[in-house]
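Below: one structure, written as structure tokens.
The values are calculated or read from the model by the stated rules, or taken from the named source; none is laboratory data. What you are looking at is a predicted structure, and each value in this text was computed from that prediction instead of being measured. To get the accessible areas, we keep the full protein, side chains included, count just its heavy atoms, and leave off ligands, DNA and RNA. Shrake-Rupley method; radii C 1.70, N 1.55, O 1.52, S 1.80 Å.
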Amino acid sequence: VLSFALFKLMPYGGSGLALANSLALLIGTIGMYYYLKRKSLKDLKEGNLLISLIKMFVAAGVMVLAVLAVRFGFTALGVDLTATHGVVLLVGAGICVGIAVYAIMIFALKLEETKMVMDAVKKKLKKA
């Protein structure tokens, strides 16, 4: 329902869908957090969680700036962003730059979760 409403209200329909999905995920995440905290994560350390969330938001913010820089760079170079090839180039470059910048930022910010994932991957690779 929220997706349909925001699709109609936002100037570009896709923006409304993205916003609606983001809001729905945020509400679901908050709900799941309180449910799990009440049921099984009573010893959850909110301080560590908050620090990790702030680091993730910082990494995401830097990623957004990098992707916007790609878009402005394409515009400055005169790439026709109304043509299909221009859009494909922009989306491809934006995705690649976004992934690279986010990965660099989460390693630079020393997220505890990143270390946990890397340790799990190394453990799996050793078994194989």
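Solvent-accessible area of residue 115, probe 1.4 Å, all protein chains present, reported in Å² to the nearest ten, please.
Counting only protein heavy atoms, residue 115 exposes about 130 Å² to solvent.
Classify region 55-128 as rounded, prolate or oblate, taking a ≥ b ≥ c as the square roots of the eigenvalues of its Cα gyration tensor: rounded when a/c is under 1.5, otherwise prolate if a/b is larger than b/c and oblate if not.
Because a/c hits 1.5 or more and a/b fails to exceed b/c, region 55-128 counts as oblate.
Return the whole-Å distance between the Cα centroid of region 49-128 and the Cα centroid of region 19-40.
24 Å
Below 8 Å, C-alpha to C-alpha, sequence gap of six or more: please give me the relative contact order for region 20-128 in percent.
Computed over region 20-128, the figure is 28 percent.
Need one value: the accessible area of residue 40 in square angstrom, 1.4 angstrom probe, rounded to the nearest 10.
80 Å²
Too long at a 27 Å Cα-Cα cut-off: which of 37/126; 37/115; 45/110; 37/123?
Those over the limit are 37/126; 37/123.
Just the accessible area per residue of region 57-128, please: how many Å² with a 1.4 Å probe?
Value for region 57-128: 74 Å² per residue.
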